[in-house]
Amino acid sequence: MAGRRVNVNVGVLGHIDSGKTALARALSTTASTAAFDKQPQSRERGITLDLGFSCFSVPLPARLRAALPASAAASGAEPEPGEPQLQVTLVDCPGHASLIRTIIGGAQIIDLMMLVIDVTKGMQTQSAECLVIGQIACQKLIVVLNKTDLLAEGKRQAAIDKMTKKMQKTLENTKFRGAPIIPVAAKPGGPEAPETEAPQGISELIEVVKKVKSMQMFHMPVTSAMQGDRLGICVTQFDPKLLERGLVCAPESLHTVHAAIISVEKIPYFRAPLQTKAKFHITVGHETVMGRLMFFSPAPDSFDHEPVLDSFDFSREYLFQEQYLEKDLAPAGTDSDEADKKTGQAAEGSCPRQQWALVEFEKPVTCPRLCLVIGSRLDADIHANMCRLAFHGVLLHGLEDKDYAESFLPRLKVYKLKHKHGLVERVMDDHSVIGAAPCSKRRPTSSFVGLKVNLSTGELGVIDSAFGQSGKFKIHIPGGLSPESKKMLTPTLKKRGRAGRGEAAKPEEGAERPEPAQHVAVSLSFKRYVFDTHKRMVQSP
């Protein structure tokens, strides 16, 4: 009688025609109905179009057996008789660039990835994309150098060694540094070769697979299954053509959302910027839909806070970003106006440790909280030598109400920093000056009354009222102007009339108004919350 089975899902990924399906066939002892390109469309086109599933079993390594009795006792189950088995489920993924949605979906259910490389060609475009997906979706990698039989026998080992060194260098700056690299010939002689040709290097590869650490049924009756298991269910009187790929879950564990707040980490190989309002293909589980993004980060004084990856704090304030902020976008000394346009914030010369995005889906998606999210540009040219994977993250909060823009978004305190600049036109008295041009042409000057401003001479003022009909305004200086400031603001034109008695001269009718001896700037800074329906201007106390 079969003993306890421990399942581990191994993804087989790589460039098209690298021999992934042949490798899965060579490894497998049991196949599902979806294995080895059995679909008519796959046979017709000669390529893998969907995920294929097969498996093989080996005795469970000794270091893993110790955990079995404890886990069985904890669950109340009786230990199963017989030799415990490590069941390796192979998830054969397509390699064609146009099927990357399926590849991403397959990668999210694997514990370990086998990256299959055609040893005669090395890393290719989809090989690189699969490596990026692996870095996002799993923790363990094995590189398989396939088709070694195509190398000239006398130079075979030298060619394998050379490609091994290349792959080691490729993995050097990834989390898979030092990963095993195994040479094999899954189908010696190619697809048309007779089946009597035995695969080469398969036993060595299985030994490496047995060493995996991450843990999770083919033709075996079972009464229950858990997340990560491969399970077949017989349903009578049912047309399989009517079945779409979906999700099996416990009640209330999945939610249908129209938008979501996600953590975001840009994939370094994606060359273009991640811009607010841009649309990306958003993959959540096995579903890919279009979504529009708005990026935001912590307030500048919280840039160095430790990232929180499993929750989102609605009580905090967040800074709007015109695009995902990278270190080279706002270097120290950058003009603040230019930085505003580029990043949505004043230049700080630093980069936040964590950033988020609001994703608004074009159609609702069903997914669990804290699931993996991958953003891509799948509309890019599949023949271009570029990475189409743009970012990844975790879904922290889903918005289930279709009217979330009115019911929920006002809770999200994301603000823009606004800066406006003008000049002091003249002095009225020791506590009052007239300023011009810092207010928006689209807003009446009166709407800025009560806001604090700073003079370049150091004084703090408050906009007291509008002045005249030309957009000018009166600024009250509570602490009064300093003697140095008054001297700077003394008109350069010759004084007339009663100026000798200490009173300001009045210009002749039609003459230009006297200009200050030196220009004194007025600056106005405030916050405006993105989802505030009243568009209020807010300043810190």
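Which strands (runs of 3 or more DSSP E) sit wholly inside the range 249-333 and have at least 2 residues that are under 22 Å from residue 411 (Cβ atoms)? So that I can check it myself, show each step before the final result.
Numbers: elements: 255-266, 279-284, 287-298, 318-321.
Strands (runs of 3 or more DSSP E) meeting the threshold: 255-266, 287-298, 318-321.
When the range 83-105 is examined, which residues are found to be over 25 Å from residue 7 (Cα atoms), in contact with a Ser or Thr (Cβ under 8 Å, 6 or more places away or on another chain) and of a type in the set (Gly, Ala, Ser)?
Across the range 83-105, the qualifying residue is only 97.
Determine whether residue 109 is at pLDDT below 90 and either surrounded by 21 or more Cβ atoms within 10 Å (Cβ to Cβ) or closer than 23 Å to residue 383 by Cβ (or both).
Working: at pLDDT below 90: yes; either surrounded by 21 or more Cβ atoms within 10 Å (Cβ to Cβ) or closer than 23 Å to residue 383 by Cβ (or both): no.
Against the criterion (at pLDDT below 90 and either surrounded by 21 or more Cβ atoms within 10 Å (Cβ to Cβ) or closer than 23 Å to residue 383 by Cβ (or both)), residue 109 does not qualify.
Taking interchain pairs and intrachain pairs at least six residues apart, which have beta carbon atoms under 6 angstrom, with the first residue in the range 151-169 and surrounded by 12 or more Cβ atoms within 10 Å (Cβ to Cβ) and the second among the hydrophobic types (A, V, I, L, M, F, W, C) and outside any helix (DSSP H, G or I)?
If the second residue must be among the hydrophobic types (A, V, I, L, M, F, W, C) and outside any helix (DSSP H, G or I), the pairs left are 159/151; 163/119; 163/145; 164/181; 167/143; 167/181.
Would you mind finding the one in 109, 104, 142, 160 that is outside the structural domain of residue 378 (by TED's automatic domain parsing) and in a loop (DSSP other than H, G, I, E, B)? Let's see the steps before the verdict.
Values: 104 fails: in a loop (DSSP other than H, G, I, E, B); 142 fails: in a loop (DSSP other than H, G, I, E, B); 160 fails: in a loop (DSSP other than H, G, I, E, B).
Of 109, 104, 142, 160, the one residue that is outside the structural domain of residue 378 (by TED's automatic domain parsing) and in a loop (DSSP other than H, G, I, E, B) is 109.
Test residue 401 against the criterion of being part of a loop (DSSP other than H, G, I, E, B) and either at pLDDT 95 or above or within 13 Å of residue 282 (Cβ to Cβ) (or both), and give yes or no. It would help to see each step written out before you state the result.
On the way: part of a loop (DSSP other than H, G, I, E, B): yes; either at pLDDT 95 or above or within 13 Å of residue 282 (Cβ to Cβ) (or both): yes.
Judged against the criteria, residue 401 is a match.
Given the conditions (1) at pLDDT 85 or above; (2) out of contact with any Asp or Glu (no Cβ under 9 Å at 6 or more places or on another chain), and given that residue 335 satisfies all but one, which numbered condition is not satisfied?
So the condition that residue 335 fails would be (1).
Out of curiosity, is residue 42 modelled with pLDDT under 80 and not assigned by TED's automatic domain parsing to the domain that holds residue 189? Explain how you work it out, then say what you get.
Values: modelled with pLDDT under 80: yes; not assigned by TED's automatic domain parsing to the domain that holds residue 189: no.
No.
Of (1) modelled with pLDDT of 90 or more; (2) in a loop (DSSP other than H, G, I, E, B); (3) under 47 Å from the mean Cα position of the chain (by Cα), residue 478 satisfies all except one. Which?
The number of the failed condition is (3).
Tell me the residue from 237, 157, 168 that is modelled with pLDDT of 90 or more, more than 35 Å from the chain's Cα centre (by Cα) and more than 28 Å from residue 7 (Cβ to Cβ), please. First the steps, then the outcome.
Numbers: 237 fails: modelled with pLDDT of 90 or more; 168 fails: more than 35 Å from the chain's Cα centre (by Cα).
Exactly one of 237, 157, 168 is modelled with pLDDT of 90 or more, more than 35 Å from the chain's Cα centre (by Cα) and more than 28 Å from residue 7 (Cβ to Cβ), namely 157.
If a residue has to be among the β-branched types (Val, Ile, Thr) and either modelled with pLDDT of 95 or more or outside the structural domain of residue 312 (by TED's automatic domain parsing) (or both) to count, how many in the range 375-393 make the cut? Reasoning before the result, please.
Start the filter on the range 375-393 by keeping residues that are among the β-branched types (Val, Ile, Thr), which leaves 382.
Next, from what is left, pick out any that are either modelled with pLDDT of 95 or more or outside the structural domain of residue 312 (by TED's automatic domain parsing) (or both): none.
Within the range 375-393, residues that are among the β-branched types (Val, Ile, Thr) and either modelled with pLDDT of 95 or more or outside the structural domain of residue 312 (by TED's automatic domain parsing) (or both) number 0.
Give me the pairs: first residue in the range 381-395 and aromatic (Phe, Trp, Tyr), second residue at pLDDT 80 or above, beta-carbon distance under 7 Å, and six or more apart or on different chains, which are they?
391/264; 391/265; 391/266; 391/267; 391/274; 391/375
The values are calculated or read from the model by the stated rules, or taken from the named source; none is laboratory data. What you see is a predicted model; the values in this text were computed from it and never measured. With ideal geometry, Cβ positions are generated from the backbone for all residues, glycine too; neighbour counts draw on all protein chains shown.
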